[in-house]
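Structure first, then comments.
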Amino acid sequence: MRLLVLAALALAAPLQAQDTTAVTLAEAVALAVGQSPEVRRAEVADRGQALAVRAARASRLPTLDVQVSPQQRYGLGFDQTTGEVVSQTVETVSAGAFASVPLYDGGRARASIREAELSRQSAEAGLVRTRQQVALDVAQQFLTLLLDREIAEIEAEGLAAAQAQRARVAELVEAGARPRGDLIAQEAVVAERQTAFVVARGAVERDEVILIQLIGLDPLAPVRFVGPDLDRLEASGVLDAPLAPLAELLAAARETRADRRSQVLSIQAAEAAIGTARAASRPSVSLNANVGTGYSSLQQRTVGAVPSLPVTLDDGTPVLVGGQPLSFPGDPAFETTPVFGQFSDNRSGAIGVTLNVPIFDRYQARRGVVEAQIRADDARIQLDALDRQLASEVQQAVVEARTARARLDAAETQVEAATEALRVERDRYQLGAGTLYDVAAAQTRLAEAQAGQAQAAYGLAFRRVLVRLAVGDVDPSALAGMLE
């Protein structure tokens with residue numbers, strides 16, 4: 001349904017002649033919850049906490065690094081061939097892989113994972129509450145729009161009645177039964193009712209602008225908000241539904257309020273953070289391993305057979321050792337060892353266990369523990385404040401709902417009395433026993449009573465939703481069903 005409404009609104013914007021798109025209360029709530037900046041920010045925070053959970057869990061996994069470091073060095077170096085120090089360029093390449101497996105971290109990873117998971121659950125609960133609040137804001141503005149429409153219709157009926165009365169007065173003036181001053185007075189009444197109607201219509205347009213902004217619709221799209229009128233609201237029975245006892249509502253609020261659940265989870269996450277801070281002062285053990293190889297342009301190997309020089313006497317007679325001519329090696333020929341040959345010959349590796357025992361860390365671990373404890377204490381204080389606010393909101397919502405019920409009962413009685421009073425004043429005026437001022441005053445009282453009845457009815461419907469919100473069992477998708 002939400003996608004259909006969005007598509008309809010998108011198509012309606014460039015087409016001025018297209019029919020107006022009707023948006024119900026349920027669709028308005030769904031659109032607002034889906035597009036609200038507050039909800040989107042809460043969703044981003046929730047995704048951030050989900051990422052923190054994955055990062056905390058990944059801290060238990062091994063680490064693996066591969067490094068390749070090619071270098072070219074310039075400067076003086078020892079030439080092994082000539083035995084001299086010469087200026088030369090040396091090219092080297094080193095490559096290696098390093099792995100580390102945490103064996104014991106003092107419980108740091110376990111505490112970090114629990115802290116991250118509790119923070120994620122707290123963010124989820126906060127997201128639920130944000131959606132509820134956005135849905136309630138839209139529902140409140142929607143009901144305000146419906147109420148102002150009802151008042152505008154009442155003012156329109158009052159204007160029509162005043163115009164009809166003007167026609168009757170004109171007939172009596174023409175017949176000479178009434179002075180012309182009565183017609184002038186009735187013209188003033190008609191002008192007054194016209195002004196009231198214009199003001200009421202302006203209030204409706206203002207409500208529509210605010211509602212469009214809350215929902216996030218295109219302000220140029222032709223939209224009409226469709227909701228239950230006063231008759232449907234009274235016929236639905238929502239105004240007569242009984243309220244649960246206050247003690248039950250308070251107990252339910254402590255169990256179901258998403259913001260309270262979020263705060264409780266925040267306390268648990270802060271307590272888990274204390275464990276994370278304490279683990280920083282404990283020893284840790286890890287298994288480490290590495291393999292590597294390298295290449296250097298200085299590494300050389302002999303080329304071919306090494307020449308041998310015979311040892312002879314002055315007359316050229318060879319010196320024999322064990323019957324064999326004695327000789328010694330001559331100067332060999334060298335070449336740089338090939339790259340892949342060096343990578344094969346220069347392989348190396350190591351494996352070992354590292355034990356890290358913190359001895360003195362300048363009190364950083366102790367400071368972390370104290371800071372975590374302070375955050376936990378602050379979270380508990382916030383929960384206490386929230387419990388007080390929760391109790392106040394539930395009690396206030398119940399009192400206001402009961403007051404709205406009493407106001408509606410009084411308003412209905414007032415409408416009945418005002419209707420009867422207007423009928424009597426009209427009859428008296430027709431018989432010449434009353435004045436036009438009395439009829440106009442009776443019409444004004446009836447319009448005010450009808451507006452008061454509509455305001456009390458919509459107010460009662462909204463107060464009942466406020467009770468549900470204070471308790472925390474309002475599902476944004478079901479909010480519209482409570483008011484229709």
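What follows draws every value from the coordinates through simple rules; no lab data is involved. Please read all numbers here as calculations on a predicted model, not as lab measurements. Neighbour counts run over all protein chains shown; Cβ positions are idealised from the backbone, glycine included.
Using the 10 angstrom Cβ neighbour count as an exposure proxy, how do 460, 243 rank, fewest first? Let's see the in-between values first.
Details: 460 25, 243 15.
With the fewest neighbours first, 460, 243 line up as 243, 460.
Between residue 423 and residue 293, what is 0.36 nm times their sequence separation minus the Cα-Cα distance? Round to one decimal in nm. Each step should come with its number before you reach the end.
Working: separation 130, 0.36 × 130 = 46.80 nm, distance 10.69 nm.
Fully extending the segment from residue 423 to residue 293 adds 36.1 nm.
Given labels modelled 7 Å from the Cα in the Cβ direction, how far is it in nm from residue 382 to residue 246?
Using points 7 Å along Cα→Cβ, the separation is 2.9 nm.
Rank the residues 134, 68, 29 as a footprinting-exposure proxy: fewest other Cβ atoms within 10 Å of their Cβ go first. Don't skip to the end; give the middle numbers.
Values: 134 23, 68 8, 29 26.
Ordered by Cβ neighbours within 10 Å, fewest first: 68, 134, 29.
Can you tell me, using C-alpha contacts under 8 Å and at least 6 residues apart, the relative contact order of segment 116-212 as a whole percent? Walk me through the intermediate numbers first.
Values: 51 pairs, mean separation 37.9, N = 97.
Normalised by residue count, the contact order of segment 116-212 is 39 percent.
Could you state the number of Å between the C-alpha centres of segment 109-128 and segment 267-301?
Result: 25 Å between the Cα centres.
When the Kirkwood hydrodynamic radius is evaluated over all pairs of different C-alpha atoms of segment 408-466, what value in angstrom, to one decimal, is obtained?
On the way: mean 1/r = 0.0815 Å⁻¹.
One decimal place: 12.3 Å for the Kirkwood radius.
If one computes P(r) from the Cα atoms of segment 122-247, what percent of pairs lie at distances over 18 Å?
70 percent
Give me the mean projected area, in nm² to one decimal, of the convex hull enclosing the Cα positions of segment 353-392. Don't skip to the answer; put the middle values down first.
Numbers: hull surface 16.8 nm².
Result: 4.2 nm².
Report the gain in length on full extension from residue 430 to residue 22: 0.36 nm times residue separation, minus Cα-Cα distance, nm rounded to one decimal. Write down the numbers at each step before the final one.
Working: separation 408, 0.36 × 408 = 146.88 nm, distance 4.51 nm.
Net length gain for the segment: 142.4 nm.
Report relative contact order for segment 26-139 in percent, whole number only (criteria: Cα-Cα under 8 Å, sequence separation at least 6).
Working: 118 pairs, mean separation 46.6, N = 114.
Relative contact order for segment 26-139 comes out at 41 percent.
Taking the number of other C-beta atoms within 10 Å as the exposure measure, put 312, 144 in order starting with the fewest. Intermediate results must be reported in sequence, preceding the final value.
Working: 312 13, 144 20.
Final ranking by Cβ density, sparse to dense: 312, 144.
Could you compute the net charge surrounding residue 105? Neighbours are other residues with a C-beta less than 10 Å from the C-beta of residue 105; K and R count +1, D and E count -1. The partial results should precede the final answer.
Numbers: positive: 60, 108, 110, 282; negative: none.
After counting each charged neighbour, the total is +4.
Taking square-rooted eigenvalues a ≥ b ≥ c of the alpha carbon gyration tensor, is segment 172-221 rounded, prolate or oblate, where a/c under 1.5 means rounded and, failing that, a/b exceeding b/c means prolate? Write down the numbers at each step before the final one.
On the way: a/c = 8.09, a/b = 5.40, b/c = 1.50.
It comes out prolate by the Cα gyration axes.
DSSP loop (so not H, G, I, E, B), at most 12 other Cβ within 10 Å: list which chymotrypsin sites (Phe, Trp or Tyr not before Pro) in segment 340-412 pass both filters. Please list the in-between numbers first.
Working: sites: 340, 343, 360, 363; in loops: 360, 363.
Those that pass, being in a loop and sparsely packed, are 360, 363.
What FRET efficiency comes out for the pair residue 282/residue 58, r = Cβ-Cβ distance, R0 = 25 Å, nearest 0.05? Walk me through the intermediate numbers first.
On the way: r = 20 Å, r/R0 = 0.82.
Result of the calculation: an efficiency of 0.75.
Using modelled amide H (1.01 Å from N, peptide plane; none on Pro or chain starts), what sits under 5 Å from the amide H of residue 312, excluding residues fewer than 5 places away?
319
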